[in-house]
Amino acid sequence: MRFSFNPGGQITFGASIRNPGPSPVTITGIAVDDGPADQHVFKVARLAANHAVDDSTAVAFYPATAAPFRSIRVGAGMELPVFVTITIPDVEQSPGGGLFFDDLAVDYDVLGLPRHQRVPMGFRLFVHSPKGYVPG
């Protein structure tokens, strides 16, 4: 997915986090970057999800019904559709350059144990600066 570089602007995209394991997990956090918060390139402005009623209920990938993210249980073989709004940073860009990422950092608990994993989104999000940019 390609977006124009617009410092301070926001981009919303959707992704689905699937639990391929045999046990339910509780997703406790989702981030674009898993480094220290003060070093994140993209800041998450909003995180929303389509929540299922229970493990047997399928969820729809529908932005209009997405609610603010909260810790949520995802059954074995089930998916959690999420919508992430990021803020484009005010950083220098060379002509034709840009910023990109292709995975999300997910914190979750399984069988009572906390875990952290980078999950591929299945696509690359690229913020492109065709003419370059110097912060003013």
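The values are calculated or read from the model by the stated rules, or taken from the named source; none is laboratory data. From a predicted model like this one, the values you see are computed outputs, not experimental measurements. In this analysis, Cβ positions are derived from the backbone assuming ideal geometry, glycine residues included, and neighbour counts consider all displayed protein chains. What goes into the accessible areas is simple: the full protein's heavy atoms, side chains included, and nothing from ligands, DNA or RNA. Shrake-Rupley method; radii C 1.70, N 1.55, O 1.52, S 1.80 Å.
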Check: For Met121, which of the numbered conditions (1) out of contact with any Pro (no Cβ under 6 Å at 6 or more places or on another chain); (2) outside any strand (DSSP E or B) fails to hold?
Finding: (2)
Margin query: Within region 122-136, take every residue that is hydrophobic (A, V, I, L, M, F, W, C) and open to solvent by 30 Å² or more (accessible area, probe 1.4 Å) and give me the one that is nearest to Ile72 (Cα to Cα).
Written below: Phe123
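A quick yes/no check of all residues on (1) of a type in the set (Ser, Thr, Tyr); (2) more than 18 Å from Ala45 (Cβ to Cβ); (3) touching a helix residue (DSSP H, G or I) at 6+ places or on another chain (Cβ under 7 Å):
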site	(1), (2), (3)
Ala64	no, yes, no
Phe69	no, no, no
Gly77	no, yes, no
Thr85	yes, no, no
Pro89	no, no, no
Glu92	no, yes, no
Val119	no, yes, no
Gly122	no, yes, no
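What's the total number of residues in region 102-115 that are over 18 Å from Leu47 (Cα atoms) and surrounded by 12 or more Cβ atoms within 10 Å (Cβ to Cβ)? First the steps, then the outcome.
The first filter runs over region 102-115 and keeps only residues over 18 Å from Leu47 (Cα atoms), leaving 109-115.
Next cut, surrounded by 12 or more Cβ atoms within 10 Å (Cβ to Cβ) only: 109-110, 115.
Result for region 102-115: 3.
Can you tell me which of Ser71, Ser94 is in contact (Cβ under 8 Å) with a residue 24 or more places away in the chain, open to solvent by 60 Å² or more (accessible area, probe 1.4 Å), more than 23 Å from Arg2 (Cβ to Cβ) and among the hydroxyl-bearing types (Ser, Thr, Tyr)? Give the steps one after another, and end with the answer.
Values: Ser94 fails: more than 23 Å from Arg2 (Cβ to Cβ).
Exactly one of Ser71, Ser94 is in contact (Cβ under 8 Å) with a residue 24 or more places away in the chain, open to solvent by 60 Å² or more (accessible area, probe 1.4 Å), more than 23 Å from Arg2 (Cβ to Cβ) and among the hydroxyl-bearing types (Ser, Thr, Tyr), namely Ser71.
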Margin query: Being of a type in the set (D, E, K, R) and free of Cβ contacts under 8 Å to residues at least 24 places away in the same chain is the filter here; which residues of region 1-52 pass it?
Written below: Asp38
Notebook entry, point to check: When you scan region 33-92, how many residues do you find that are modelled with pLDDT of 80 or more, touching a Leu at 6+ places or on another chain (Cβ under 8 Å) and more than 30 Å from Val134 (Cβ to Cβ)?
Noted result: 8
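Would you confirm, using the coordinates I've provided, whether Thr12 is farther than 24 Å from Gly132 by Cβ and loosely packed, with under 14 Cβ neighbours inside 10 Å?
Working: farther than 24 Å from Gly132 by Cβ: yes; loosely packed, with under 14 Cβ neighbours inside 10 Å: yes.
When the stated conditions are applied, Thr12 passes them.
Looking only at residues that are in a loop (DSSP other than H, G, I, E, B) and not hydrophobic (A, V, I, L, M, F, W, C) in region 124-136, which one is farthest from Val44 (Cα to Cα)?
Here is the first cut: in region 124-136, the ones in a loop (DSSP other than H, G, I, E, B) are 130-132, 134-136.
Filter once more, so that each one left must be not hydrophobic (A, V, I, L, M, F, W, C): 130-132, 135-136.
Details: Pro130: 24, Lys131: 25, Gly132: 23, Pro135: 21, Gly136: 23 Å.
That would be Lys131.
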